Amino acid sequence: MERSTKIGMNKTGVQMSPVDLKSMLQDIESNSAGIPDGAGIAAVRTTYIGEAEPVGTVPPPGTVKGAVKTGAKKLTGKNPEVLVDKLGERLAFERTGVRLYEAILTKFDATPDKLPGMSVEQLARFRDEEARHFKLVADALESLGADPTAQTPCADIAGIESMGLMQVLDDPRTTLQQSVHALLMAELADNSGWELLIALSEDMRQDQMAANFRQALQNEQEHLTHVRSWLEQSVRGELRQ
């Protein structure tokens, strides 16, 4: 197995230039203004936060059936838009999950040295399960009368959060091990997201929905177990080389 961690001409640390480091420290000490405490940027951020509009809104139900369901829940003190927003978030994340596994399948195929225990068959199965989870959430939104194509606020944020993970896997310079680390971050978030969605479904008395989501969580727990094992075995094996 090719090592992901190598000694090379890394010049980013200050120890590479002791003379410049000493000069920099002297400049800091002689600066009468001292080290910034961050109050200035905090004040600017506070102003922007106070003036900002929300990221987005949850659209109204697109069907008469959906409107009736929403109205009924409102009368009981429930806020179905919360569930719809988190369903939108899960939908966006599962879409990204499919793309992450597509990307790692490509990297797996292009990498001569594989990670211990990793196989193309298992990666393909996990990708297909992510696709099924996407369809499951889309169906759940439609069952509530909501539009699965609408971008809810949490869906928008989930898309932004996932951009960094996709960038890691799509970068041709990253190793298979580094890509699996990004995949691990996605699976950790995915497991937590399903747990919350199950709790919200139960609160809204959506028993069948909650049961379907528990099955999806079992799949995601298996994904997490294997991804964590691939990474740990690879890093520990590299340590012993």
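Inspect all residues belonging to the stretch 31-54 and state whether any of them is surrounded by 15 or more Cβ atoms within 10 Å (Cβ to Cβ) and at pLDDT 80 or above. No, the stretch 31-54 has no match at all. When residues in the stretch 77-122 are screened for being more than 21 Å from PHE134 (Cβ to Cβ) and touching a Cys at 6+ places or on another chain (Cβ under 8 Å), 0 of them pass. When the stretch 183-241 is filtered for residues that are without any contact (Cβ under 8 Å) to a residue 24 or more places away in the chain, of a type in the set (Val, Ile, Thr) and closer than 30 Å to ASP113 by Cα, only THR225 remains.
One residue stands out in the stretch 96-123 among those that are of a type in the set (A, V, I, L, M) and surrounded by 14 or more Cβ atoms within 10 Å (Cβ to Cβ): the one that is modelled with the lowest pLDDT, namely LEU115.
The values are calculated or read from the model by the stated rules, or taken from the named source; none is laboratory data. As the structure is a computational prediction, the values presented were derived from the model and not from experiment. Neighbour counts run over all protein chains shown; Cβ positions are idealised from the backbone, glycine included.
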